Amino acid sequence: MKNLKYLILILVGFTAFISCTDEVNEIQQAGNPVLEMENQFSNVHFGDMLPFSATVSDEIPLSTLTAILYFGDEEVERTTIRTKENGEYSGVIEIPFHKDIPDGTATLEFILVNTTLKRITKTFDVPITRAQYPYLILVTEDASYPMLPTGQAHEYAATEAFPSTDLPAYIKTPALDEKGSEIVFGWDAGAVTEGTATNIPFVSPVAGTFAVTFNTLTYTAAPFFEILLNGEKMHMVDKENYQLDVELTQGQDITIEGLENIADWWIDADYLTKKENGLYTFVPITGKYRISANLKLNYFRVEVLSGNSVASLNADGTGAIWVIGDNVGKPSLTDNYLGWNTDKALCMAPIGAKKYQLTLVGGKNISLDGINFKFFHQKGWGGEFGSAAISTSSEIVFIGDGTNGRDNGNLGLVSGVTLEEDATYVFTIDVSAGIQQAVLTVTKQ
């Protein structure tokens, strides 16, 4: 009987809760919010801080006035003001400034809400244009230069006897009126973008007087150093590094243009066979690759891609194998020592039949008297080839197990072995039997 009594009390309480909830949900909207606004929006530009004002009233307390800006059906900006009392309120809404957005008519919506959630809405069509500036400002570390309209739509140029062909600089606009703002253009993720003052790495192919140009609509800028791979422009990451993601076919010819010192570049035999300066044959299997050109090291780095990201080793043995560790480096030990820096991980070349190859030259890319590097499933920490997953019958290297002088999976030189200066050593990993049954061979050529 006691349990039944408690059950009845619980049911009564639950019924009362449901009843209260229904009452809350059934609160009736009341009042009569009034929103008085005139169309006060003219001569509006991208990047403006657009002011607005409104007179609001109601017979019951008000809550908020919200302004929402739409480009087409997409909401791009909103701001909300508390409106506790009747009266006049003012605010500002930002008009975004981004590349490639054409002039057009936006929609600005205002929503006044009272404390019972009753609302009134007003909307205005707002023509927005990209400003025609009288000038832009090119800002370098030592000086500023005016960039004047060239006559081409949205394009500006500064033509000066600049002090160097390297001209790191950012660009800014003036504020056209009281609602205008200064827009800054700098460098981010290998491209010109708004909202940052990181220097754009302008580089001129000629010294003396040259022009720096910029388009405020397309963000096209010049001059930049250009490298063409099979006629396609490589993207500048910074002034020392360019890269291009590209589909390549095993055995196809690759042309490199734009490098006057191409004869001095180190060519990685795992990926490219030189036919003549600027003309090479692609060695690995057909697939998508990222080719990076480092102007400081004179080095083309090649990495296997999966989609738009560097590849990892798949369970079926396809993909990529990476090298991280000591006593190895490309293009040389002295210029680019690998170490345990995962950003520098070397991608082994996939040569077909689930085999991967790394070619190193004694004393140049690999230390002569000792090695200590390892094979990984990805460009970073995670999956790796420990001693249980990889074996070798090599008389040159051994695989560490944690008790034989090397950590588990790390390579060492067999006792008494010293690598030969300028000799070529080819490391090949075969995972055709499975990624847990990898076989390493090392051949001296």
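The values are calculated or read from the model by the stated rules, or taken from the named source; none is laboratory data. This one's a predicted model, so the numbers in the text were calculated from it and none came from an experiment. Neighbour counts run over all protein chains shown; Cβ positions are idealised from the backbone, glycine included. Each accessible area value is taken on the protein alone, full model and side chains, heavy atoms only, with ligands, DNA and RNA left out. Shrake-Rupley method; radii C 1.70, N 1.55, O 1.52, S 1.80 Å.
Do you know which residues across segment 128-139 are open to solvent by less than 40 Å² (accessible area, probe 1.4 Å) and over 14 Å from V184 (Cβ atoms)?
I128, R130, A131
Taking the conditions exactly as written (aromatic (F, W, Y), farther than 24 Å from T165 by Cβ and surrounded by 15 or more Cβ atoms within 10 Å (Cβ to Cβ)), does Y271 satisfy them or not?
yes
Can you confirm whether S432 is small (G, A, S), within 23 Å of D316 (Cα to Cα) and open to solvent by 30 Å² or more (accessible area, probe 1.4 Å)?
yes
Looking only at segment 92-119, count every residue that is under 35 Å from the mean Cα position of the chain (by Cα) and not β-branched (V, I, T) and tell me the total.
Matching residues across segment 92-119 total 12.
Please find, within segment 365-380, the residue that is nearest to K444 (Cα to Cα) out of those that are open to solvent by 20 Å² or more (accessible area, probe 1.4 Å) and within 33 Å of the chain's Cα centre (by Cα).
By that ranking, first place goes to N372.
For segment 336-373, how many residues meet the condition of being assigned to a loop (DSSP other than H, G, I, E, B) and either among the hydrophobic types (A, V, I, L, M, F, W, C) or touching a Ser or Thr at 6+ places or on another chain (Cβ under 7 Å) (or both)?
10
Can you tell me which residue among G180, G151 is small (G, A, S) and either assigned to a strand (DSSP E or B) or over 23 Å from E94 (Cα atoms) (or both)?
Only one candidate qualifies: G151.
Of the conditions (1) open to solvent by less than 40 Å² (accessible area, probe 1.4 Å); (2) farther than 30 Å from G409 by Cβ; (3) assigned to a loop (DSSP other than H, G, I, E, B), L333 fails just one. Which one is it?
Only one criterion is unmet by L333, namely (2).
Check whether at least one residue in segment 418-429 is at pLDDT 95 or above, farther than 18 Å from T359 by Cα and more than 37 Å from the chain's Cα centre (by Cα), and report yes or no.
Taking every residue of segment 418-429 in turn, none turns out to be at pLDDT 95 or above, farther than 18 Å from T359 by Cα and more than 37 Å from the chain's Cα centre (by Cα).
Scan segment 215-234 for residues that are assigned to a loop (DSSP other than H, G, I, E, B), of a type in the set (A, V, I, L, M) and surrounded by 17 or more Cβ atoms within 10 Å (Cβ to Cβ) and jot them down.
I227, M234
Mind telling me which of the residues T249, T193 ends up being among the hydroxyl-bearing types (S, T, Y), surrounded by fewer than 18 Cβ atoms within 10 Å (Cβ to Cβ) and within 30 Å of F41 (Cα to Cα)?
Among T249, T193, only T193 is among the hydroxyl-bearing types (S, T, Y), surrounded by fewer than 18 Cβ atoms within 10 Å (Cβ to Cβ) and within 30 Å of F41 (Cα to Cα).
Quick one: which residue in V246, V192, V206, V212 is of a type in the set (A, V, I, L, M), more than 22 Å from the chain's Cα centre (by Cα) and part of a strand (DSSP E or B)?
When all the criteria are applied, what remains is V212.
Residue by residue through segment 38-82, note down the ones that are hydroxyl-bearing (S, T, Y) and at pLDDT below 95.
Answer for segment 38-82, where residues must be hydroxyl-bearing (S, T, Y) and at pLDDT below 95: just S42.
Would you say A175 is hydrophobic (A, V, I, L, M, F, W, C), part of a loop (DSSP other than H, G, I, E, B) and open to solvent by 40 Å² or more (accessible area, probe 1.4 Å)?
Taking the combined requirement at face value, the residue satisfies it.
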